[in-house]
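The values are calculated or read from the model by the stated rules, or taken from the named source; none is laboratory data. On a predicted model such as this, the values are computed, not experimentally measured, just so you know. For neighbour counting, all protein chains shown are included, and Cβ atoms are generated from backbone atoms with ideal geometry for every residue, glycine included.
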Amino acid sequence: MLEASLERLREVHARMKQELARVIVGQDEVLDQLLLAILTRGHCLLVGVPGLAKTLMISSLSRTMELDFNRIQFTPDLMPSDITGTELLHIDPETSARSFRFAGGPIFTNVLLADEINRTPPKTQAALLEAMVERQVTAGGTAHPLPDPFFVLATQNPIEQEGTYPLPEAQLDRFMFMVKVGYPSRDEERAILERTTGTATSEVDSVVSGEELRQLQQTVREIPVASSIYDYVLALTRGTRVRSDTPLDFIKEWVTWGAGPRASQYLILGAKAQAAIAGRTHVAVEDVRSVAHPVLRHRILTNFTAQAEGIDSDQVIDRLLEEIQPGDGVAAGVPGVADARG
């Protein structure tokens, strides 16, 4: 039964990639990470300079699914009620009785594009917090559930920081992945020019319904995980912490704060989804390693020493994956991991 469900999942994944390729040139790794997040009910933060088709990717992705889609352009004057909705006074035309009724905002959708999320003040950013975690909005003391499934796919510009409000760590932690969107290669950029400066247009067809997507998400969770994989994930996450029992030397030197338990959860879920689309019925070490960077990069806070040396969180993760190897025993001072180098 699991094998049949996984076969359907791989078919849907391949068709979604095929449809997205009609409008998006390159960015295979970015698209894969977006799809992994969708399959695990996770939220994504896309970080990249303007003009890299971040918004187009998200809107095109939503069209491959039979789901409702809304876009919010975040600005400094956006209020929380502009996102969540508000209580409106209703007057009955027959009895003239007055009552308040809740009018839901654009957050009441399946796929929400939060464009340039760092351009709005913290109060409005926080309006997304309950929705992302609890998948509901509370107004007037009443909880209003959001549609299922519900995804927040946000974009952020890393170079224009004047007049912006960086997301606090507590809200960054709610995003399963932080996906870095880089420049296309020369050949890809040439293909973009040829495709977008003429008269030809491409449309994206729907591939999967909301009901089937929920079934595929359940299939991902059913993939078994060996005890050794849990140990490896714990070793990676706990290895990022300066305040652990046996901190790694380079972590003590470069890191102020490491990843919390939510990182371990997302490493397992992301690895399950990666195993599913790779055609495996179990999670392998390479599945965990393939999602380590998008899961951990926004959960590791580097210190002044690292910044002065030009070390960012991705380089810390590279070193972490070198130092910590799967197996039995102890590696690099982290319990439960063998030193495969010796």
Taking the stated definitions as given, is L46 hydrophobic (A, V, I, L, M, F, W, C) and either part of a strand (DSSP E or B) or more than 16 Å from F175 (Cα to Cα) (or both)? yes
Residues in region 285-308 that are over 20 Å from L34 (Cα atoms) and touching a residue at least 12 places away in the same chain (Cβ under 8 Å): how many? 7
Residue selected from region 172-184 under the condition farther than 15 Å from G48 by Cβ and in contact with a Gly (Cβ under 7 Å, 6 or more places away or on another chain), by the criterion surrounded by the fewest Cβ atoms within 10 Å (Cβ to Cβ): D173
Looking only at region 249-284, and only at residues there that are crowded, with 16+ Cβ neighbours inside 10 Å and β-branched (V, I, T), the one that is farthest from G42 (Cα to Cα): I251
Looking at (1) without any contact (Cβ under 8 Å) to a residue 12 or more places away in the chain; (2) over 25 Å from F150 (Cα atoms); (3) assigned to a helix (DSSP H, G or I), which is the one condition that is false for A200? (3)
Does region 76-103 hold any residues that are in contact with a Ser or Thr (Cβ under 8 Å, 6 or more places away or on another chain) and under 22 Å from S59 (Cβ atoms), and which are they? L78, D82, I83
In region 83-103, residue nearest to F150 (Cα to Cα) [restricted to those that are loosely packed, with under 15 Cβ neighbours inside 10 Å and in contact (Cβ under 8 Å) with a residue 40 or more places away in the chain]: E87
Scanning region 48-82 for residues that are of a type in the set (V, I, T) and surrounded by 18 or more Cβ atoms within 10 Å (Cβ to Cβ), which turns out nearest to A37 (Cα to Cα)? I58
Would you call E3 more than 26 Å from H144 (Cα to Cα), free of Cβ contacts under 8 Å to residues at least 60 places away in the same chain and not in a strand (DSSP E or B)? no
Go through (1) farther than 30 Å from A127 by Cβ; (2) assigned by TED's automatic domain parsing to the domain that holds A21; (3) in a helix (DSSP H, G or I) and name the single condition R195 misses. (2)
Step by step: first the residues of region 128-155, then only those that are touching a residue at least 12 places away in the same chain (Cβ under 8 Å) and of a type in the set (D, E, K, R), then the one that is nearest to G48 (Cα to Cα). Which residue is that? R135
Of the conditions (1) over 18 Å from L67 (Cα atoms); (2) within 20 Å of the chain's Cα centre (by Cα); (3) not aromatic (F, W, Y), S99 satisfies every one except a single condition; which number is it? (2)
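So which of D68, D77 ends up being touching a residue at least 60 places away in the same chain (Cβ under 8 Å) and not hydrophobic (A, V, I, L, M, F, W, C)?
D68
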Of the numbered conditions (1) charged (D, E, K, R); (2) part of a helix (DSSP H, G or I); (3) modelled with pLDDT of 90 or more, R41 satisfies every one except a single condition; which is it? (2)
Would a scan of region 128-139 turn up a residue that is of a type in the set (D, E), surrounded by 15 or more Cβ atoms within 10 Å (Cβ to Cβ) and under 26 Å from D312 (Cα atoms)? no
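Within region 275-284, count every residue that is touching a Lys or Arg at 6+ places or on another chain (Cβ under 9 Å) and in contact (Cβ under 8 Å) with a residue 12 or more places away in the chain.
Of the residues in region 275-284, 4 are touching a Lys or Arg at 6+ places or on another chain (Cβ under 9 Å) and in contact (Cβ under 8 Å) with a residue 12 or more places away in the chain.
Any residue at all in region 148-171 that's within 19 Å of the chain's Cα centre (by Cα), hydroxyl-bearing (S, T, Y) and either outside any loop (DSSP other than H, G, I, E, B) or loosely packed, with under 13 Cβ neighbours inside 10 Å (or both)?
Within region 148-171, one or more residues are within 19 Å of the chain's Cα centre (by Cα), hydroxyl-bearing (S, T, Y) and either outside any loop (DSSP other than H, G, I, E, B) or loosely packed, with under 13 Cβ neighbours inside 10 Å (or both).
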Given (1) exposed (fewer than 14 other Cβ atoms within 10 Å of the Cβ); (2) outside the structural domain of A273 (by TED's automatic domain parsing), identify the lone condition not met by R243. (2)
